[in-house]
Amino acid sequence: MKNIAWIAIGSGLLMQPALADELFFEATGKLSTEVTLYADDGQFANQDYRTNLSFSAEPEFYWAWNDQQDNLTFTPFFRKDQRDSERTHADIRELSWSHLNDNWELRTGFRKVFWGVTEFQNIVDVINQKDTVEGLDKEHKLGQPMVNLSLVKDWGIVDFYVLPGFREQTSAGLDGRLRAGLVVDDDTTTYEASNNDRHIDLAARWGHSFDVYDIGAHWYKGTDRTPQYNANSHNGENVLSAHYQQIEQVGLDVQATIDSWLWKGELIYQDNPIEGFWASQLGVEYTFYGIQDLATDLGVLIEYGKDQRGTNANSVMQNDIGIGARFDLNDTQSTALLAGVIYDLDYDTTSFSVGGDRRIGADWKASIEARAFSTGNSNDPAAIFVKDDYVKLTLDRYF
Amino acid sequence: MNIKLLTTSIIAGSVLALSASTAFAGAAEDKGLAIVQEAKIRDEGWGDTTSSMIMVLRNKNGQESVREIRSKGLEIANDGDKSLTIFDRPRDVKGTAFLSFSHTSGADDQWLYLPALKRVKRISSRNKSGPFMGSEFAFEDLSSFEIEKYHYKFLKEEACSIGTCFVVEQYPTDKNSGYTKRIVWIDKAEYRTLKTVFYDRKDSLLKTLTTEEYQQYKGKFWRPSSMKMVNHQSMKSTDLSFSQYKFGNGLSASDFNKNTLKRAR
């Protein structure tokens, strides 16, 4: 599956003469300790605990040579979880060679790519699989094997992607929290593509900035990163099985930055074997700079997510309003506080989150995140989290 | 010459004494503008630069916190400069990078790259008065100097650390500036800014910036090796030291876009 990417990286390295005058090397990284405290025992079997301890490591190794025209980045990731054997996992976030030229770049290997402008979700962000066991915010992604050619033109930046190999979405195991009643069984995963996870996906994106606007348009054809889950029976156990279908999608992301206002929109049209549908995420963010003559900035935002499939959608915000606030104290320790609420208009349910982080000394950072799920409607997919209100404390050490 | 200068000073003095807040652009205003224009002209043609900077933040108890930053700049004819700023320390922000296209009129274009998310965010350039990385330098103190950003008034000439200085008042034209005015000391011989005193929105003394250890590059361009900002209200201070100034790196506009922002390190 990953052979193509490996060969590309290998050949790229071989092509570079070993006598490149100066080899630059740098190693950095982050070690994290995380303690999660749950308000209750979970509602499902094997969830009768209220604390969890977890450690992770993410070193990064970087080499550059050929007068910085070539570089190699290797970023492995490891997590050890006290309770959940599925959350204990390793990944190659990045193992990629980039060759740079004046107006183009060729990037080959495992990489992470971000597309989008909104904050609560990014429906246009389709390249990488989400590492969902890392957190509900969907900010954590698995490295995706790719060959990416990026061209810089007067009329914008164009990226072409060939994506050989597919990564399954991670999901909590039997002893994990924040999961459905049934556990996802990797052995029962099915694909629409006859060559399963070896389907070669393709994507292209054009992005441009002019005046106050930043615009991106993309096309994607290949395996859907978001699975459809079905209840199944495997070895006499009731389990969830992931099914990955083939999709074709076009999308648009736009931001207008006008004074203290950021107007943001993401729009997709997706065609899959079940249906064709539209989805959008629209919002606006306003920042009050230096509130009350302090250095503190307060940013407030509101976003609305709509998916034409309605409650059949497998997205988080199918008909939801999200409201958020962020305080940046702009102090020496870069203290920030966040609060958010998502209200589901279909199910009449709400989830809350608050958080904050602060640097300690030169090399440490402490974070806190709390989430509460208030759902009186058992039809809401979020009802599976109703006993999973938590406070998570994280301490990061940077190297 | 001396008589003329003296006259100008007297006029400037009397304008101050009368605290005339009229739109009348008198000789002091013209002279203030002329001095700053001359300083700007003398610095034209620098082309491109790269430099490294270490920032030491001190609170009133003397506790220190260090930032390390590298930057690249490109001079753009008839508009503001382009710059790319890369953060190396503290380690939790390592790899964060900032791309700015400043403009002589209208808002600057600014993007921030967040390496953990691989995300490029267009950000508002409205935030002039906020602190840069928790330091005593505001964003506006570090942005590229453009004539249009201020109105000017020549105050006087006086002795300063390296000879004689023009003393010029500068009134920000941007309503989002954190200052009512700045007073700058510019040396008569080489038009280098040696000292800047900042007055807050209430017109109270806020900060003093001392700019020292100038070195000349390419036989023309003066750059300081040290800048010290002291906040008189909070008693905090920030020292900036610059090193590895390099001119003529052959940078072009293609070194300042979202792709170069994403791989800046």
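Here is how the numbers come out for the structure above:
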item: Filter result for A:THR118 (of a type in the set (Val, Ile, Thr), in a strand (DSSP E or B) and buried (at least 17 other Cβ atoms within 10 Å of the Cβ)); result: no
item: Odd one out for B:PHE256 among (1) touching a His at 6+ places or on another chain (Cβ under 9 Å); (2) within 14 Å of chain A (Cβ to nearest Cβ); result: (1)
item: Near pairs, Cβ below 6 angstrom, 6+ apart or cross-chain, from region A:89-100 (touching a residue at least 12 places away in the same chain (Cβ under 8 Å) and more than 16 Å from A:ALA57 (Cβ to Cβ)) to any residue that is of a type in the set (Lys, Arg) and assigned to a strand (DSSP E or B); result: A:SER96/A:ARG107; A:SER96/A:ARG111; A:SER98/A:ARG107
item: Complete set of residues in region A:61-105 that are surrounded by 16 or more Cβ atoms within 10 Å (Cβ to Cβ), under 22 Å from A:VAL158 (Cβ atoms) and either more than 14 Å from chain B (Cβ to nearest Cβ) or not acidic (Asp, Glu) (or both); result: A:ASN71, A:SER96, A:TRP97, A:SER98, A:HIS99, A:LEU100
item: Selection within region A:131-153 - small (Gly, Ala, Ser) and within 11 Å of the chain's Cα centre (by Cα); result: A:GLY135, A:GLY143
item: Region B:187-199, subset charged (D, E, K, R) and surrounded by fewer than 17 Cβ atoms within 10 Å (Cβ to Cβ), residue farthest from the other protein chains (Cβ to nearest Cβ); result: B:LYS188
item: Region A:372-399 - residue that is in a strand (DSSP E or B) and in contact with a helix residue (DSSP H, G or I) (Cβ under 8 Å, 6 or more places away or on another chain) and, of those, surrounded by the fewest Cβ atoms within 10 Å (Cβ to Cβ); result: A:TYR398
item: One residue from B:GLU140, B:GLU136 being more than 10 Å from chain A (Cβ to nearest Cβ) and outside any loop (DSSP other than H, G, I, E, B); result: B:GLU140
item: Qualifying residue in region A:258-270 (condition: of a type in the set (Gly, Ala, Ser) and farther than 17 Å from A:PHE114 by Cβ); result: yes
item: Filter result for B:ILE147 (away from chain A (no Cβ under 14 Å) and modelled with pLDDT of 95 or more); result: no
item: Top-ranked residue of region B:106-132 - restricted to ones that are more than 18 Å from B:TYR179 (Cα to Cα) and in contact with a helix residue (DSSP H, G or I) (Cβ under 8 Å, 6 or more places away or on another chain), ranked as nearest to the other protein chains (Cβ to nearest Cβ); result: B:LYS118
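The values are calculated or read from the model by the stated rules, or taken from the named source; none is laboratory data. Since we're looking at a predicted model, the values are computed, not measured. Every residue, glycine among them, receives a Cβ derived from its backbone with ideal geometry; neighbour counts consider all protein chains shown.
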